[in-house]
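The structure appears below as structure tokens.
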Amino acid sequence: MTSSSLAKPIPRVSLNWLLIAQALVIVPFALHVPVALIVLWLVCSFWRIQIFRMRVRMPGTWIKSGLLVGTAGGIYLARGSLIGLDAGAALLIAAFILKMLEMQNRRDALVLIFLGFFCIAVGYLFEDSLLWGVFTLLPITTLLAALIGLQQSGISSKPVATLRLSAKLLLQAVPLMILLFLFFPRLEPLWSLPQPSNKALTGLSDSMAPGDIAELSKSAELVFRASFDGPLPPRNQLYWRALTLEQFDGRRWSQSSRAQVPDAPQWRREGERVSYSVVLEPTGKPWLMTLDVGQTDLAGVRQMSDFRWQRRRPVEQSMLYNVESWPDAVRETVLSDGARLQALQLPAKGNPQVREWAAGLHRRHPGTDAVVDALLSYFTSQPFRYTLKPPALGANSIDDFLFGSRAGFCAHYAGAMTFALRAAGVPARVVAGYQGGELNPDGHYLTVRQFDAHAWVEYWQPNVGWRSVDPTAAVAPARVEQGLEQALAADEEFLSDSPMSALRYRHLAWVNSIRMSWDNLNYGWQRWVLGYQGQQQLQVLGRWFSGFQAPVFAGGAAVILGLLALWLFKPWRRESDSQLRLFNHFERLLARQGLKRQPGEGAQAFAQRAAEQLPAHAGAISDFVREFEAQRYAGADGSVGALRQRLKFLRRSLPWRLSAVRGKRP
Amino acid sequence: MIERFKPAWQRWLGRRIPPATRVELDHRRIFILPTRVGGTYALILFLLLLVSINYQNSLAYGLTFLMLSVGVLAILHTYRNISGLILSGGHARSVFVGEPVQLRLRLESTGHGHQAIALGWDSEQLEQTDVEAERLVEVGLTLPALKRGWMRAPRLRVESVFPLGIFRAWSWLDLEQTVLIYPKPVAGTMPLLQGVQPHAEDDGHATTGPGVDDYQGLRLWQPGDSMRRMHWKAWSRGQGLMVKEFSDLSGHDLCLDFMALGGDIEERLSRLCYWVLELSQRQQPFALRLPGFVSAVDSGDTHREACLRQLALYGVRA
């Protein structure tokens, strides 16, 4: 395209598809950009259509610069900044919208189309679900249609034909794309860029008041999915550790400052090993969920002093990691003084009743295990109730809970037990994480959701190290054996805040099977498409084409392009063209004898003239031409071979001449 | 620099794409290279790749690879769009120097359709047309006629950037189109042969003297007289319908003579050309005399064409 053609006006077909493509690009962004931008888009599109219908004129320089400054100002007000991914995306969309208004010639349209492709790519940073991925095929197809429309002469172009061509191009491009996707080496980020902020993320935090986990249990949001290499461990052993809470202020349990110091703990492998891989959804937090005691060789991740796995940066995009766990490992048989003090920390005052009761337990039961057993038997013997709606507790919350209301959620039990153990002189801490998960029989993997959030207790004794104990299991075994829904009393509705959630209809078999299949599909998408990075790629490529990556890639690309070329050019359909080629050959043969076909002279007439001039070969000439006309014009189905045979016969019969006789100038 | 390589380029083209009246565009004749838009496309792909790498986003990788594949496929599609197109030159009518030559081109499709085919003599000014599947399209291109004699049309540029505009497939074709360009007619006095008329009879009194316009006087109008020669001024003065009479009407043949004119050759040919046209329009028989050529006294279109041809080719025939 020369510079002059870039200045030409935009063909109608292209403009139509561009308007549609813009709508398709922008609508899914509605949740991620300020609402005012959507309004701006509607206004600009309407304006552009009116310009196209010659109702209004193009905006002047003042209006354009006013709009530009106004939009940038608006984004600054809405996002508080003009840098960062959120504001950047809003600016990109704003440019995409405003450019439409300013678009006059093909060059502008090209800018708009390329901006559109870029907007789609930026959209993937905010949303990467399977549905979204499929949906974006629509704006991609329409943008490509707009690009094709730009090149059309505008005489006979029909919008639908243009779209069809665009879809065809994309379909043909898919095999090569898959090949590139499989083989293109995934590099580490070249530089760090602002990440999409997931403001509205729910999930575990680094501090916990008793009501927090009850709040989480209302959410059916996905936290992670895990696939096990071997058989699935029993459900009551699926304690997914996220972090430990060691600091108690009388009301909240929070992460201690010690836990932030990188210091790999001592532990010894014992017993069986469990291998699994986890696809973690964005949590906005740095810790990774593992079964005890986990071990992963993921880059940028390390084990902290409380056996949790922590990433350098928060998990802002879903990520995949492989873990090996030793559930029976012996953990930290020797505890440092600092750690010991932290594990015995209690507020200076408050909850006197528990302190006294615990001191009594310590006196009566020699040995740590005996104290723990006594506590657990207290929970089972007393009328404790497992509920999401516990009554309010007073200032001495643990006293009130243990000896008063006796109704609470896992956080109440874990907090109270840890307090009592510490008061009895046993180092202990609260572990926060998830328990259980739903097995998907289609894909044989576990799905863990926010309502699986759980808190349990870890206590330490010399030479034995840390041991886990779950007081909730003593009160409501169903919570651990089956899950939250089964553990709740009949009058408490599961997921009462989200009536549309398919999880509430698990008892309907068909709803459940659709839900499971859909979840399985999404998991596959996460694992094999979104998670196809770095190690995952190396594993897959290594397994399938170990050592032959480069030749397989090159060969695959050649085969794909070759097949496409065959399909596009269809050489086997060029029969009619070969007739023409043979006729050209025939013309050249006769030209050598000084006979040139005049412009506009038909084959028949030419043959007649040739036959008169070369009477010795009249038979061969007319044979060829008769066959040619029959095949080409009368639709007779003779083979090209027959025509070639006749030409060969003629060539042999003609006297041999070196060069063509110069044709006379007209 | 470019000018220096032009002859070599033309020679190479002549070998690669020999002149022919009818040409099918095939792999020997088609060149294909990315356009500037293609460069922008590559830049966008690079930016998309950077986004994909830095955010480690598989979908962005997917989009990048999809667009890269589409870009690679565009080579095949752009090539396919122009290949198989059959071009042939139609007959072109002769014109006079200074007038535009209308060259007819026939574009033929034997298989699939060809969209947005641009034709022209240089890569800046091109005309676009579509050729539907198995159809024939005629396109007219103009070319200024600068010099009399045989004019050979320059190589024709056929190109297309369809479908994506990121690759351009083109060819330079010589369809052996030649047009005869006549000299530019320039009005002036009639250059008549001095001395012996080629076919004058002995008793004929040849009109003599240069600059004589052959105007003999007026006579009364008779039915059958040409309206052109009416003397309207006389009629308006009330003198009745009069007709201007010319001496040549008396049956004496005219001979337009090259040597009767001064000035350089082109000027003389232009004057002769004017009178050939003028006399032919008056349907008056005349003869043309050029150095080395004398035509018979005649009138009519064939005679006119023959004379114009002589004027056009005077001194340029190989």
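The values are calculated or read from the model by the stated rules, or taken from the named source; none is laboratory data. The model shown is predicted, which means the values in this text are computed figures rather than measured ones. With ideal geometry, Cβ positions are generated from the backbone for all residues, glycine too; neighbour counts draw on all protein chains shown.
Against the numbered list (1) under 21 Å from A:Leu144 (Cβ atoms); (2) in contact with a helix residue (DSSP H, G or I) (Cβ under 8 Å, 6 or more places away or on another chain); (3) among the aromatic types (Phe, Trp, Tyr), B:Phe46 comes up short only at (2). Screening A:Asp108, A:Asp86 for residues that are among the charged types (D, E, K, R) and crowded, with 21+ Cβ neighbours inside 10 Å leaves exactly one candidate, A:Asp86.
Here is a yes/no grid of residues against (1) surrounded by 22 or more Cβ atoms within 10 Å (Cβ to Cβ); (2) touching a His at 6+ places or on another chain (Cβ under 6 Å):
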{"position": "A:Ser381", "(1), (2)": "no, no"}
{"position": "A:Leu393", "(1), (2)": "no, no"}
{"position": "A:Phe401", "(1), (2)": "yes, yes"}
{"position": "A:Gly408", "(1), (2)": "yes, no"}
{"position": "A:Ala411", "(1), (2)": "yes, no"}
{"position": "A:Thr418", "(1), (2)": "yes, no"}
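Considering (1) surrounded by 16 or more Cβ atoms within 10 Å (Cβ to Cβ); (2) modelled with pLDDT of 85 or more, the lone condition that A:Asn463 does not fulfil carries the number (1). For region B:46-60, a residue qualifies if it is crowded, with 18+ Cβ neighbours inside 10 Å and more than 7 Å from chain A (Cβ to nearest Cβ), and the qualifying residues are B:Leu49, B:Ser52. Candidates in region B:18-41 are the residues that are away from chain A (no Cβ under 11 Å) and of a type in the set (A, V, I, L, M); of these, the one that is farthest from B:Phe65 (Cα to Cα) is B:Leu25.
Hey, does region A:314-332 have a residue that's over 30 Å from A:Arg273 (Cα atoms) and either assigned to a helix (DSSP H, G or I) or within 44 Å of the chain's Cα centre (by Cα) (or both)?
Within region A:314-332, the first condition is being over 30 Å from A:Arg273 (Cα atoms), and the residues that meet it are none.
Checked against the condition, which is being over 30 Å from A:Arg273 (Cα atoms) and either assigned to a helix (DSSP H, G or I) or within 44 Å of the chain's Cα centre (by Cα) (or both), region A:314-332 yields no hits at all.
If you go through region A:240-273 and pick out every residue that is crowded, with 21+ Cβ neighbours inside 10 Å and part of a strand (DSSP E or B), you end up with 8. Pairing each residue of region B:136-153 that is assigned by TED's automatic domain parsing to the domain that holds B:Gly113 with any residue that is of a type in the set (Lys, Arg) and outside any loop (DSSP other than H, G, I, E, B), provided the two are 6+ apart or on different chains, yields C-beta distances under 9 Å for B:Leu136/B:Arg106; B:Val137/B:Arg106; B:Glu138/B:Arg104; B:Glu138/B:Arg106; B:Val139/B:Arg104; B:Val139/B:Arg106; B:Gly140/B:Arg104; B:Leu141/B:Arg104. Restricting region A:133-184 to residues that are assigned to a loop (DSSP other than H, G, I, E, B) and within 10 Å of chain B (Cβ to nearest Cβ), the residue that is nearest to B:Thr64 (Cα to Cα) is A:Phe184. Of the residues in region A:503-511, at least one is under 26 Å from the mean Cα position of the chain (by Cα), modelled with pLDDT of 80 or more, outside any loop (DSSP other than H, G, I, E, B) and not assigned by TED's automatic domain parsing to the domain that holds A:Leu130.
Condition check ((1) in the same structural domain as A:Thr290 (by TED's automatic domain parsing); (2) in contact with a Leu (Cβ under 7 Å, 6 or more places away or on another chain); (3) farther than 21 Å from A:Asn351 by Cα) across all residues:
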site: A:Asp373; (1), (2), (3): yes, no, yes
site: A:Ser397; (1), (2), (3): yes, no, no
site: A:Leu439; (1), (2), (3): yes, yes, yes
site: A:Ala453; (1), (2), (3): yes, yes, yes
site: A:Val475; (1), (2), (3): yes, no, yes
site: A:Arg479; (1), (2), (3): yes, no, yes
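Go through (1) within 17 Å of A:Ile113 (Cα to Cα); (2) more than 8 Å from chain A (Cβ to nearest Cβ) and name the single condition B:Thr64 misses. Only one criterion in (1) within 17 Å of A:Ile113 (Cα to Cα); (2) more than 8 Å from chain A (Cβ to nearest Cβ) is unmet by B:Thr64, namely (2).
Applying the criterion of at least 3 residues that are among the aromatic types (Phe, Trp, Tyr) and at pLDDT below 80 to the helices (runs of 4 or more DSSP H) found wholly in region A:1-78 leaves an empty list. Is it fair to say A:Ile148 is within 28 Å of A:Ile49 (Cβ to Cβ) and at pLDDT 95 or above? Judged against the criteria, A:Ile148 is not a match. Taken over region A:33-71, the criterion of being crowded, with 17+ Cβ neighbours inside 10 Å and over 14 Å from A:Leu15 (Cβ atoms) is satisfied by A:Val33, A:Pro34, A:Leu37, A:Leu40, A:Trp41, A:Pro59, A:Leu67, A:Thr71.
Exactly one residue out of A:Ser207, A:Ser219 is surrounded by fewer than 19 Cβ atoms within 10 Å (Cβ to Cβ), in contact with a Gly (Cβ under 9 Å, 6 or more places away or on another chain) and either outside the structural domain of A:Ala414 (by TED's automatic domain parsing) or under 30 Å from A:Arg449 (Cα atoms) (or both): that is A:Ser219. Exactly one residue among B:Gly149, B:Gly120 is small (Gly, Ala, Ser) and more than 11 Å from chain A (Cβ to nearest Cβ), and that residue is B:Gly149. Once region B:145-162 is narrowed to residues that are buried (at least 23 other Cβ atoms within 10 Å of the Cβ) and in contact with a Phe, Trp or Tyr (Cβ under 9 Å, 6 or more places away or on another chain), the residue that is nearest to B:Ala74 (Cα to Cα) is B:Val161.
Looking across region B:158-184, the residues that are within 11 Å of another protein chain (Cβ to nearest Cβ) and under 14 Å from B:Leu103 (Cα atoms) come down to B:Leu175, B:Glu176, B:Gln177, B:Thr178, B:Val179, B:Leu180.
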